[in-house]
1. Cut-off under 23 Å on the C-alpha distance; same-chain residues fewer than 8 positions from residue 444 excluded. Which lysines are left, in chain and number order?
2. Could you give the C-alpha radius of gyration of the stretch 422-570 expressed as a fraction of 2.2 N^0.38 Å, taking N as the number of residues it contains?
3. Multiply the residue separation of residue 305 and residue 627 by 0.36 nm, subtract the distance between their alpha-carbon atoms, and state the gained length in nm to one decimal.
4. To make sure I understand, if each residue's beta carbon is the centre and we count other beta carbons within 10 Å, what order do 497, 73, 353, 570 fall in, fewest to most?
5. Over all Cα pairs of the stretch 290-392, how is the pair count split among 5 Å bins, expressed in % and running from 0 up to the last occupied bin?
6. Relative to the present Cα-Cα distance, how much length would full extension add between residue 71 and residue 663 at 0.36 nm per residue of separation?
7. On a full-extension model of 0.36 nm per residue, what is the gain between residue 134 and residue 498, subtracting their alpha-carbon distance, rounded to one decimal in nm?
8. Using a cut-off of under 16 Å, list every residue of the stretch 540-556 whose amide N is near the label point 7 Å from the Cα of residue 591 along the Cα-to-beta-carbon line.
Amino acid sequence: MAERHYKAFMSYSHRDRQVANWLHRALETYRLPPHMIAAGKAERLRPIFKDRDELPASDSLGDAIETAIRSSDALIVLCSPAAAASPWIAREVDLYKRIHGDRGVMPVVVEGEPPGNFPAPLLVHYENGEPTDREAEPIAADMRPEADGKKLAKLKLVAGLAGVDLDHLVQRDAARRQRKLVLVAGASALGMIGTTALSAYAIDQRNEAREQRAEADGLIEYMLTDLRKQLEPVGRLELLDGVGKRAMDYYARQKLADLSATELGRRARATMLVAEVQNLRGNNAEALPAFRQAARTTAELLERKPDDPERMFNHGQSLFWVGYIAWQHGRLEEARKAMEEYADISHRLAAKDRSNLAWQMEEAYSLSNLGTMAKEAGELASALDYFRRNVELTEIVSVKEGRPVAREIEIAGGLSWVASTLQSLGRMDEALEARRKELAIIDKVVADGPANIEARKGRIFSLANIGQLEAFQGDRAAARRSLDAAIADFDRVLATDRDNTLFKELGRSALRDRALLAWSDGDNALASRQFDRLEAIQTDLIARDPKNHEWTVSSPAVLALQRALTDRSDLPAAALHGIADKWENALDAEDPDRQFVRVASRMVHAAAYRKEGDTARAHKAYSAALAVPETKGERVDFRSIALRAVAAEKTGQPRMAAQLRARLKKMGIDPLIDDRL
């Protein structure tokens, strides 16, 4: 049997396993932009060999490890004090360099200061399969927050492994929305830009001003491109902040009509790079104005040549970034306007050449963006139309490409959006049909490639949602099968990487709905076991990122209240009051779970008052649950409707209860949450 060939071999200390797991997953799931794939680059950077555990104590590397190193194009070494002290990592580096020389060696700093955190062979130059007395000068990506950070470090590795230009990778990767940038500079650039470039604009005489402007633009572009390559090893992205601010002040004073196409192009590149630096560092308050300047510039270029495909594409990317950052900041009107203009340009670009599949996918992505924004705004009918058009267009492209796996997974993802939107509209039969189409695609991908993690993740999510829909429709046996299959898949995938937070997120809905189904069936023990598993996952996620609002507030609120109404309803009254008080007003008005949390909290209070024998307060709490206003827009929270029907019954309003249940029946929904209340 032929040896397996690896894109890279990853060497790391067991103490750095969590970082290694993240980086391995991030690299193997990265997809190069379509135009690079069309130019002959591989779509994915895989397989990457990752030795999970320290090797057993012996004097030589295991045969499997040696074979993998010999069959690898590159060596990724995670550098830390633990790595520097590991004899096994030193031997892996030594063997790689004896076979391949210094070529393809990619150190990644995860902890400590170079060179003290480098395994010794990294610092030695090898020739003809032997170490020499000369020093090697490896250039490292630096994952530490104060340096490159995880995002930029990953993108440096992608560029090195794929053999592509770093700047091109950043600027042209919009189809997959890789919000990354590769740009570092040293302190010498700060003085250069301040003393020479930015003073140029003040010169009054036109000819001299034009010459000075060209010099300034040239210096800025030199700083943002060529100089970066020389200064990249310093890994000090924050040094660019002052330069970026001065550059933006300089560009803000320009009159675009006075600039030539060459000057505008240089200005567009520079402002986009400055903006993406700020986005990479998480400073979106500074990124948004810079993206706006880039969009103004690309708009001017497009106005001069309205049918130029490259200018159309570039302006579309500028608009996407303006819309995306504005959306993150809650500036919804600006975000929607930019995204709609981006979609319009993408449509016109795609119409120019229907054989250009990258342009067709650009239109498909723009439709998905509009759908996401419409869904979050509660405009579900519009969102559904966008998502369906996205699926149709992606399907056309996939057929023309010969149905590649990555494109088929994108179709399944589009169908998932269609299904979730239909479910929010209360159209359960159609939602279930869309979910089953999604699952059919994913099952074929998994059958052809069982190791495809993207497909396995999609299968967990699809099965969990199918199980929920089957339970709503009263097909409990089918629901049990689907939910149990989702949980089994979840367990198998999680066993491969127990630090993977995305896997844990995907498993939550299956565990929740399986617990609710068990409780509805009267199996309290199974319900508690599944709820306990879900609670343990939730606790783990909170520990990993205490600032994640969804992990620390929204999900814990829903889980605590669901348990207070189901398997923990036998808690003492004081404990139930405490749960309700803690979560009733914890969610923001925009949170889609807010209505359920407020209704459920009042239902828990009512149950606690009944335990205390206080029927008057219980009646008042039930009435308060009934009084919670429904979410505005087209979204339907069937959980809240079901609980309010119970509250209507408890307050002696059978007609209202019947009306609420009739709404659910019309949608084909029989919720689990109210079965034993």
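1. Excluding near neighbours in sequence, the set is 400, 457.
2. On the way: Rg = 15.4 Å, N = 149, 2.2 N^0.38 = 14.7 Å.
Compared with the compact-globule rule of thumb, the stretch 422-570 sits at 1.05.
3. Values: separation 322, 0.36 × 322 = 115.92 nm, distance 5.82 nm.
Computed gain between residue 305 and residue 627 is 110.1 nm.
4. Values: 497 19, 73 16, 353 12, 570 9.
Lowest count first: 570, 353, 73, 497.
5. Over the stretch 290-392, the share of Cα pairs per 5 Å bin runs 2, 14, 23, 23, 19, 12, 6, 1 percent.
6. Numbers: separation 592, 0.36 × 592 = 213.12 nm, distance 6.20 nm.
Going from the current span to full extension adds 206.9 nm.
7. Values: separation 364, 0.36 × 364 = 131.04 nm, distance 4.19 nm.
Contour length minus Cα-Cα distance gives 126.9 nm.
8. Label zone hits: 542, 546-556.
Each reported figure results from applying straightforward, stated rules to the coordinates on display, with no laboratory input. Quick caveat: nothing in here was measured; it's all calculated off a predicted structure. Positions of Cβ are generated from backbone atoms using ideal geometry, with glycine treated the same way; all protein chains shown enter the neighbour counts.
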